[in-house]
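The values are calculated or read from the model by the stated rules, or taken from the named source; none is laboratory data. Everything quoted here is computed from the prediction, not taken from an experiment. When we count neighbours, we look across all protein chains shown, and the Cβ atoms used for this are built from the backbone with ideal geometry, even at glycine. When the accessible area is computed, the model is the full protein with side chains, heavy atoms only, and any ligands, DNA or RNA have been set aside. Shrake-Rupley method; radii C 1.70, N 1.55, O 1.52, S 1.80 Å.
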Amino acid sequence: MKAHEEIEQLREQIRYHDRKYYVEARPEISDLQYDRLMQHLLRLEEQHPEWVTPDSPTQRVGESPVSHLQQISHRLPMMSIDNTYSADEVREYAARARKLVDNEPIDWVVELKIDGVAASLIYENGLLVRGITRGDGRVGDDITHNVRTLADVPLKLLGDPPPLLEVRGEIYMTNSDLVRLNQEQEAKGESPYANTRNVTAGSIRLLDPKICSSRRLHIFCHGNGYCEGLTVGNHQQFLEQIQGYGLPVTPFVQVHPNIEVALEFCDQLIGRLHELDFEVDGIVIKVNRYDQRERLGATSKSPRWLIAYKFEKYEATTTLNAIDVQVGKTGTITPVAELQPVELAGTIVSRASLHNADEIRRKDIRVGDVVVVEKAGKIIPHIVRVEKHLRDEDLPEYPFPQVCPECGTDVVQDEGGVYIRCPNYLCPAQVRERVRYFASRPAMDIEGLGEKLVWQLVESELVRSPADLYRLTVEQLLPLERMGKRSAEKLVHAIAESKAKGLARLLNALSIRHVGTTVARLLAEHYGGLDALRNATHESLSGIDEVGPVIADSVFQYLHSTHGSELIDALIAAGVSTESVRKKPEIEGVGKLSGKTIVVTGTLSRFTREQIQELIVEHGGKASSSVSKKTDYVVAGEDAGSKLVKAKQLGVPVLSEDEFLSLIS
């Protein structure tokens, strides 16, 4: 093979593996194998310097330092984004947008708002020719020499890109690389950097690209600027197209048919911030279709087709004093950080969830570390990163328990998952949590049986399973702390009353994995009684709407396990009802719900969600959790969301609570 052909083949191989690593996050070769390919290419190019091209992977850090940053005008302005911190204001914005497009349905794109530096990449005939900062939106700094050092920025695009493509995105630094950089700063006796954004903003404007390269910056692409030959009609298609060219796009992007579903996804993303190794300062919600964007236009400062839904973020630095672990009702072992108390968002924080063992390993969290704790929105505090430059060198790695801290049983990891569990069903911690949940309001609703009392009952071995609750006597309860005769009598009476709560509440109370109030109710309605449910096949269970194979397998395994069968038999022996609660109508007119499917959404003033769903069932109806063409009514309370929107789209009658009561009375 000729040297020139071999050079081209090596370049294509390296570009392919760059895409697999940086864009798809699915590397196919090891770092060592990649380095060997790069070294081989370097040797060949040294032997044949006449064949070195600017788009070669070896030329990422080939430039000499520039004397100054040139000012470059954007062909299309890089406008700012309107911000809001309120879900209601997002809804108002969406309503205004729909009005401006003649009330056409709008598909909304939901993207993470990366906390970095906005920049533009310009490609001509597939080759990177320019990188520009946002600047004031009309004129930015030429940072081409530094952009070329970013490993995830392709110098040459794959496939058949348009002749002129401007891609806009956010340059950022990971928290892991900030930790590494601050360790280097400490070793040199220099001050550490406070946050990733400041480092990114300073690094991308450096005159020497070799220094920028050492900072290991990255980019996520999220939009387009001036393009020639672009053929896509919406944002989702654009992202898919540029991914095909080898450009990295913002992760977790989803498109939703209405603003309520989009806001629900926003909440999910906020709850996953602890998983990310980069900083996020909000969520961007965009109109998907380009033709609708054109009709919406822009104000003097911002486009009308997008809005930033931001949340307050608070950070504080403190010391990790210890790592505790908690055992849940299904055996999940969750690590919890015990912190030196610190003020965060106006409250004193002394604990933060560490979520799972993988998170501890990924962030290399050790007891005694100085850590940065963050609270974003309404989520519980989490540890962003460790200030390793302040670490005592002798701090040992945290040994995640190999055995359950409560019962000493060897722990196991979920197959294909991150959670580690205690498999001992009789573990005291699991028993406590199961009994506590069994008595809770969504389950058997036993008034007076709180967490502290459950702890005493389990510790004294009066209760080893929920079935033991129905054998308790006043005399057994009297020796317990803060338990007088009247309190004991009331508790025994409340426990006895719970026997008649019905199958749906009982199934929820059993702590079967993946079974909550909705699935429990569906199973109770479908089978009517526990005998029929216990005789159901896996195929029968998975065929139920909204159940599916994963939940079906969990239910089937529980019902046929030794501990599940024994508990159910004990509850039956104690007199607990195992039939679905369907009271006969006592008043005329309730036949209107017979055979009707009703969905409840929003916050109700007269009922809890469980109470109104039970009322629907008692009057012959079916309480469903999703709106479809088969839905007969939707009962809507305050702050009703996507279900109300869908009901209106499908023409399903919507009832207030008063209208619902009139219907059944």
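SER440 exposes around 20 Å² of accessible area when a 1.4 Å probe is run over every protein chain in place. Pairs with C-alpha atoms separated by more than 27 Å, drawn from the list LYS452/LYS643; LYS286/LYS648; LYS188/LYS375; LYS20/LYS188; LYS156/LYS210; LYS310/LYS630, are LYS452/LYS643; LYS188/LYS375; LYS20/LYS188; LYS310/LYS630. Relative to the longest principal Cα axis of the chain, at what angle does helix 87-100 sit, 0 to 90 degrees, rounded to 10? In the chain, helix 87-100 runs at an angle near 70 degrees to the longest axis. Take 109-121, 505-517 and order them by the average number of nearby Cβ atoms within 10 Å per residue, most first; the result is 109-121, 505-517.
Using a 4.7 Å Cβ-Cβ cutoff, the cysteines of the chain lacking any partner cysteine are CYS212, CYS221, CYS227, CYS266. The C-alpha atoms of the chain define a longest principal axis, and helix 609-618 lies at about 50 degrees to it.
What accessible surface, in Å², does a 1.4 Å probe find on TYR93, ignoring ligands, DNA and RNA and rounding to the nearest 10? Probe radius 1.4 Å; accessible area of TYR93 about 20 Å².
In this structure the chain gives 48 Å² per residue of accessible area when probed at 1.4 Å with all protein chains present. With angles folded into 0 to 90 degrees, how steeply does helix 3-18 sit against the dominant principal axis of the chain? Use alpha carbons for both and round to 10. Tilt relative to the chain: about 30 degrees.
Between the range 618-665 and the range 1-61, how far is it from one alpha carbon centroid to the other, in angstrom? Cα centroid to Cα centroid, the span is 60 Å. Which entry is the computed log10 I(q)/I(0) by the Debye sum over Cα atoms at q = 0.08 Å⁻¹ for this structure: [x] -0.91; [y] -0.81; [z] -0.74? Recomputing log10 I(q)/I(0) by the Debye sum over Cα atoms at q = 0.08 Å⁻¹ here gives the entry labelled [y]. Computed over the Cα atoms of the range 356-470, pair by distinct pair, the Kirkwood hydrodynamic radius stands at 17.3 angstrom. Heavy-atom accessible area with a 1.4 Å probe sorts VAL342, VAL139, largest first, into VAL139, VAL342. Projecting the Cα atoms of GLN39, SER662, ASN103 onto the dipole axis of the chain, where Lys and Arg carry +1 and Asp and Glu carry -1 at the beta carbon, places SER662 farthest toward the positive end.
Accessible area ranking (1.4 Å probe, heavy atoms, ligands and nucleic acids excluded), largest first, for TRP51, TRP305: TRP51, TRP305.
Report in % the part of the accessible area of the chain that belongs to carbon and sulfur, leaving out ligands and nucleic acids; probe 1.4 Å. C and S atoms contribute 48 percent here.
Percent antiparallel among DSSP beta bridges with both residues in the chain, to the nearest 5? Rounded to the nearest five, the antiparallel share is 85 percent.
Computed per residue of the chain from DSSP H runs no shorter than four, each worth -39500 (n - 2.57), the mean residue ellipticity at 222 nm is -10000 deg cm²/dmol. Ranking PHE265, GLY484, HIS48 by Cα position along the charge dipole of the chain, where only Lys, Arg, Asp and Glu carry charges on their C-beta atoms, puts GLY484 farthest toward the positive end.
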